[in-house]
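**Student:** Have a look at the structure that comes next, please.
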């Protein structure tokens, strides 16, 4: 809407009355600024329109029903989540990433001028699992370097007991979601180079053709172009991007009435998933 208004403005020839500015003071915007400072802003990464009522019914339950939470729709798949205080806000922020109906709900804190097209929404934090690291390279420092190569490291865990598939490093990394999800990285020590594979916990809705979030192969513009050009690629992305979830909902959330299916609660018919720090 903002872009449309600005575009129309550029076409207008303003009258003298319209050119007169309305002066406002800091005190005039104090209450609304205070509201923004205890708000998180979320963008659902989807090519489908998300229903406001569905978000209102689903996310408060996923977050433990914070007292006084208010939810407003302020744009296409763009929402303001106003909390009673910063403590409640920070609990939700700490628990990122969040999914709504399997789509990524990219949550960010407010900053002046924030809008759905702000570059801050090009990045989100995801827990990933890094596999095929030689055992003698399995260190926190190696994990940090891989996390930083993915876009930036937020947290890192080396699960003590590994898993039935083997041992892996689990960084929480900042990812640029305007690009295809990285499938792995080449890492090198001296003359030895190894490909390490990356999988994603609670993988958001992703296209297994182009690797981008928010749509599927049927609506993928990249695939449509490749079909037209006769350059269709196969087996570039697949279900192997999805990692077995390391964490699950706490007993507290189950007691609050969420029904768990495969470790992920279903609220009002929608799957809501949460990644929790170990």
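**Student:** Yes or no: residue 87 touching a residue at least 24 places away in the same chain (Cβ under 8 Å), more than 28 Å from residue 203 (Cβ to Cβ) and loosely packed, with under 12 Cβ neighbours inside 10 Å? Reasoning before the result, please.
**Tutor:** Details: touching a residue at least 24 places away in the same chain (Cβ under 8 Å): no; more than 28 Å from residue 203 (Cβ to Cβ): yes; loosely packed, with under 12 Cβ neighbours inside 10 Å: yes.
In short, no.
**Student:** Right, another one. Got a sec? Which of 2, 15, 96, 58 is surrounded by 14 or more Cβ atoms within 10 Å (Cβ to Cβ) and modelled with pLDDT under 95? Walk me through it before giving the result.
**Tutor:** Numbers: 2 fails: surrounded by 14 or more Cβ atoms within 10 Å (Cβ to Cβ); 15 fails: surrounded by 14 or more Cβ atoms within 10 Å (Cβ to Cβ); 58 fails: modelled with pLDDT under 95.
From the options 2, 15, 96, 58, the qualifying one is 96.
**Student:** Can you find even one residue in the stretch 193-200 that is closer than 19 Å to residue 108 by Cα and under 18 Å from the mean Cα position of the chain (by Cα)?
**Tutor:** Going through the stretch 193-200, the residues closer than 19 Å to residue 108 by Cα turn out to be none.
Scanning the stretch 193-200, I find no residue that is closer than 19 Å to residue 108 by Cα and under 18 Å from the mean Cα position of the chain (by Cα), so the answer is no.
**Student:** Give me the residue from the stretch 98-144 that is without any contact (Cβ under 8 Å) to a residue 12 or more places away in the chain and part of a helix (DSSP H, G or I) and, out of that set, nearest to residue 62 (Cα to Cα).
**Tutor:** 119
**Student:** Sticking with this structure for a sec: Being under 16 Å from residue 150 (Cβ atoms), surrounded by 19 or more Cβ atoms within 10 Å (Cβ to Cβ) and under 15 Å from the mean Cα position of the chain (by Cα), is that true of even one residue in the stretch 213-225? Break it down into steps so the answer makes sense when it comes.
**Tutor:** From the stretch 213-225, those under 16 Å from residue 150 (Cβ atoms) are 213; that's our starting set.
Then drop every residue that is not surrounded by 19 or more Cβ atoms within 10 Å (Cβ to Cβ), which leaves 213.
Filter again for under 15 Å from the mean Cα position of the chain (by Cα), leaving 213.
Yes, the stretch 213-225 has at least one match.
The values are calculated or read from the model by the stated rules, or taken from the named source; none is laboratory data. Treat the numbers as computed from the prediction; the structure is a model and nothing was measured. All Cβ positions, even for glycine, are placed from backbone atoms using ideal geometry, and neighbour counts span all protein chains on display.
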